[in-house]
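Computed from the coordinates by the stated procedures, all read-outs in this text should not be read as laboratory data. Source: prediction; values computed, not measured. Counting neighbours? That spans all protein chains shown, and the Cβs are built from the backbone with ideal geometry, glycine included.
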Amino acid sequence: MSKPSDMVQGTLDMLLLKILALEPMNGFAVSQRLKQVSGDVLQMSDGSLYPALHKLEQEGWITAEWKTSINGRRAKYYSLTRLGRRQLEKETDNWGRLSSAISRVVKLKQA
Amino acid sequence: MRPEHWWYTIPLRLRSLFRRRQADRELDDELRDHVEQKTAEYVAKGMTPQEARRQALLELRGIEQTKEKCRDTRRVNWLQDLLQDLRYALRMLRKSPAFTTIAVVTLALGIGANTAIFSLVDCLVVRPLPVDHPHQLAYLISSWNGNGSKGISYPDYQEIRKQTVSVFSDLSVIRMFRTDGLSVDGKSRPISVAYATGNFFGQMGIKPALGRFILPSEGGAAGADPVLVLSYSYWKSQFAGDPNIIGKKALANGQPVTIVGVAPAGFHGLISLVDVQGYMPLGMAVSLKDEPADFLVTRDNTSLVVMARLRAGVNLQEAQSALNVVAQRLSEQYHGRITLSARRLSPAGLIVDPRILTFVSFIFLLLATSVLVLACMNIANLFLVRAARRQREMAMRAALGATRSRLIRQLLTESLLLATLGSVAGMILGLNASSAFSSIPLHTTLPIILDFHFDWRVFAYALAAAVLTGVLVGIVPALRTAHGDVSEILHEGERALSAGGYRMRNMLVAAQVGGSLMLLIVAGLFARSLEKVQRADLGFDANHVLNLSVDPHEAGYDESQAREFYRALLDRTRALPGVQSASLAAAVPMGYNDSNAALEIDGYRPPKGQERPVAGCNSVSSQYFETMRIPLLRGRDFSESDGQNSQRVAIVNQAFADRYWHGEDPIGQHFRNFGDLGHPIEVVGVVKDSYEDDIFTKDQPFFFASLTQNFDFRATLQVRTAAAPEAMERELTGLVRSLEPAMPVFDVQTMTTALDTLQGFLIFRFTAALAASLGILGLLLAVVGVYGVISYAANQRTHEIGIRLALGAQPAQVLKMIFRQGFVIVGVGVLGGVLAAAAVAKLIGNLLFGVPPLDPLTYIAASLLLAGIAMLACYIPARRAMRVDPMVALRYE
């Protein structure tokens, strides 16, 4: 597994926030979902996932709650806070601007 | 960060801090859960359970590492590290109790000396007076024809007040205190009273603790408004804080007054050190003997202190230019050159020259700081020694991944903790020392208040000293330790300590020897100065003289009864066995006399533009010069024939005769007291100059008037005894009581004790005692420092010494080697100390009496003492090293 590039690293926060915006879930489910939606392109080691989640929690963007899952085990469920939602909007905006700017530059080069 | 943000994050931080265990457990659970789910997933894909679990763990890249990374996001690590460091530091200090005790005691001495001296300085020159906006207050000084600075007369005050409304919000007058008697309900006690205009208290912006102050309408007319305001401390100490005191009738200085109020706690008047205990309207000062009846009208009395409060936004320069205009107008009226100047009221209050106090404060703070620096050096040395021992430990920590900054932080935590412990102990010590200052007996009727207490300034000072100490002491060893080469240290052990370490410590010891020698020499100079002052030829002989003061006025006597009482007292006293002579005097030398008279002298015309001659004066009875052993050079003593109604006579001192009659025969010359021009005074005798008012001036013109002709109710009986004067105390007090049982008797003391006043020896005694305690502290610290380092160095070289001895070196040679090292260090230190002491001594030259700043005896004695003790401190470890058994030494480690 290669190390994600810097840009991707910076946007990991946004991806995690986006995933958690859909529904509260535990760390394992987040890693499954990330792999699933990005079609294995964005690979994130489990070893980076948990520190990233803890960081978001310490920032106050997500909050954790211990719940009993469907199969009867206690698991830590993360969900977005109001602050996290605002942060997600901000980062999505940034990302939109950044990616359109980049694609413009890339197209320019091809022309 | 927005507050909204804190809503989410603060509970998390608190949780990480205080519920760390739970947070860690949850982290455990979370990761274990993940691994289990992952394993289950892989098993479902067909892996064996073992393989699946291994894969899951691999993807987590080490479960402990991930945990650590998660913990790192918690952002309270620094605090946890600190707590950990503190715990660790406490454990280290507990584990080496000897080290801890020595360090804490040393620091406590250093910081204690500093806080004690700072609390003194705080009281004298730092703490602002307890009035409203003290920085707006100034006092006015006048100068006539460019000479002298004086107060201001009442008519001029009124004029200035009218013409400076634009710059001063108010002017008031305060006439400095004098000690009177106050009798309430038949019991009398001394009281120092200041006389003020009615607007004084309003100008100070203070509120009475009880009753009222003098009203603005009071105080302007002579003898009117007989009211008295007491100071808070006087009310508490003399009347036990009785609220019924308000409205009480009393006799102050023999006049009926009504007590109307009590000033607020902490307000002692406007002079630091002096406790003004009562306030009366200015007009009431007319009744005082030394104040002429017309003092509110005459322009000659320029003794009043005018207090001014600057208007908000007006600075001193602007006020001064307004004063210059007024001074110009006054000059035209008087046909003279008058200048008026406003001086800011310093925290020391109306002290003639606050710079002296500031200077003395600075000197003693400097000395105290030197003691603290010495203490710091001692501890830094201990730390260096310990750091050497702990290099292995530090290297181990570094090898295990501790960063350099983390190691430095840990060592600094230890030294700061030690400094904190030391400063807490030091503050307790300082508190006790400053209350010891407060209880120094002052042998005086002048109420002195030494209001030392720990306020926030003292606390801040001690805290700053502690932090500085902690950092200074810790930083060098910490840097050195954290710097060490890990592998080298792990291999070599303690002996890897570089030569630089020795050099550093040797330098520290030399500095210690130098610093404490400086303190010792300064202490020695002060002690010698005290000795000189006590042995000085004062012009009189204070030995074998007993003083006893009485005040017949307090006992309800009128003047003729008082005269009769004094006559009887003198006759009976002189008849006592063991009494060689006895006399009465209005004031005793170095007492709080301060009587000056402006004179007109026959045959003497003051040079143009100069003021009238002024001389100090005292009123004494016959035999005064015999009792005080002041040699009568010419003429005669006072006698029975100098009666109330006969020719006024005086005896002048040599300086008086020389100054005004230039070698002409002074006997039979006349002069007049300016307040009483109708009665020419004839000179009947000349005495040798003596110190009268204070220890700082001797050869000033002074005259003695006859007590019979210049009567004073309050007088001091002085008795020259054959035996020890103390032995006569009871007998004399008994004699007074037998003449009048109700007679108040005070200040029964020997003349030598009576010299311990502010004008007399007190300042010398005080500075000598202070300097001596600092010197002894410095010596103690130097001994501990030198002994510690030399013995440690000898210990360190045990191995080397063993080899030397095994190779055939003689013990004497070893002794010499170790001794030589100590000798060089001490020598360098002594040299530096002498130079430093010479620099400080130059500064304090003015505070010394009869001792040159470079007094060779002091320098040599102090150097020999210190060098001797330091060499002794070298000798003990050297001898121990000499006795080393080579086998033991070689097996060492």
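Our Cα-only numbers for region B:120-250 put the radius of gyration and Dmax at 17.1, 52 Å.
With a 10 Å cut-off around each Cβ of A:48-58, the average count of Cβ atoms from other chains is 6. Computed about the Cα centre, the dipole magnitude for chain B is approximately 4560 debye when only Lys and Arg (+1) and Asp and Glu (-1) carry charge, each at its Cβ. Over the Cα atoms of region B:536-687, what is the Rg over Rh ratio if Rh follows Kirkwood? Radius of gyration relative to Kirkwood radius: 0.98. On the basis of the beta-carbon distance and an R0 of 56 Å, B:F459 and B:V614 show a calculated FRET efficiency of 0.75.
Here's the picture: charge each Lys and Arg Cβ at +1 and each Asp and Glu Cβ at -1 in the protein assembly as shown, and of B:V167, B:G241, B:C874 the one pushed furthest to the positive end of that dipole is B:C874.
Between B:R574 and B:N244, the contour length at 0.36 nm per residue exceeds the Cα-Cα span by 114.2 nm. Per residue, the convex hull spanned by the Cα atoms of the protein assembly as shown amounts to 295 cubic angstrom.
Please report, to two decimal places, log10 I(q)/I(0) for region B:622-719 at q = 0.10, 0.12, 0.17, 0.24 Å⁻¹ as given by the Debye formula with identical point scatterers on the Cα atoms and no solvent. One equal scatterer on each Cα of region B:622-719 leads to -0.26, -0.38, -0.79, -1.49.
Directionally averaged projected area (region B:704-832, Cα convex hull): 16.3 nm².
For the protein assembly as shown, the Cβ-based charge dipole about the Cα centre amounts to some 5860 debye (Lys, Arg positive; Asp, Glu negative; other atoms uncharged).
Neighbour counting of Cβ atoms within 10 Å sorts the residues B:D676, B:D642, fewest neighbours leading, into B:D676, B:D642. Here r is the Cβ-Cβ distance between B:R406 and B:A809 and R0 is 56 Å; the resulting FRET efficiency, rounded to 0.05, is 0.80. Taking a point 7 Å from the Cα of B:L739 along the Cα-to-Cβ direction, the residues of region B:524-564 with backbone N closer than 20 Å to it are B:545-564.
Binning the C-alpha pair distances of region B:842-893 at 5 Å intervals from 0 yields a P(r) profile of 4, 15, 13, 12, 10, 9, 8, 6, 6, 5, 5, 5, 1 %, listed from the shortest bin outward. Restricting to bridges with both residues inside the protein assembly as shown, how much of the DSSP beta-bridge set is antiparallel, in percent to the nearest 5? If I count the DSSP bridges inside the protein assembly as shown, around 80 percent turn out antiparallel.
Computed over every Cα-Cα pair of region B:50-129 and binned at 10 Å starting from 0, the pair-distance distribution P(r) comes out as 14, 18, 18, 19, 14, 9, 6, 3, 0 percent. The mean of 1/r over all pairs of different alpha-carbon atoms in region B:59-196, once inverted, gives a Kirkwood hydrodynamic radius of 23.9 Å.
Spin-label model, B:E726 to B:F362: label points 7 Å out along the Cα-to-beta-carbon direction sit 4.1 nm apart. With kT/(6 pi eta Rh) evaluated at 10 °C and eta = 1.306 mPa s, and Rh the Kirkwood radius from Cα pairs, chain B diffuses with a coefficient of 47 µm²/s according to Stokes-Einstein.
Convex hull volume of the Cα atoms of region B:754-893, normalised per residue: 119 Å³.
Quick one: if the Förster radius is 25 Å, what FRET efficiency do B:L633 and B:D541 give, using the C-beta to C-beta distance and rounding to 0.05? Computed FRET efficiency for B:L633 and B:D541 comes out at 0.95.
Straight Cα distances below 23 angstrom link B:K150 to the lysines B:K162, B:K289, B:K608, B:K698, with same-chain residues fewer than 8 positions distant left out. Note on B:R343 and B:A44: the extension gain reaches 98.1 nm, defined as 0.36 nm multiplied by sequence separation minus the Cα-Cα distance.
Here the average projected area of the convex hull drawn through the C-alpha atoms of region B:728-778 stands at 5.1 nm².
Modelled this way, with points 7 Å down the Cα-to-C-beta line, the labels at B:S331 and B:T369 are 4.3 nm from one another.
From least to most packed, judged by other beta carbons within 10 angstrom and beginning with the fewest, B:W235, B:W661, A:W66 follow the order A:W66, B:W661, B:W235.
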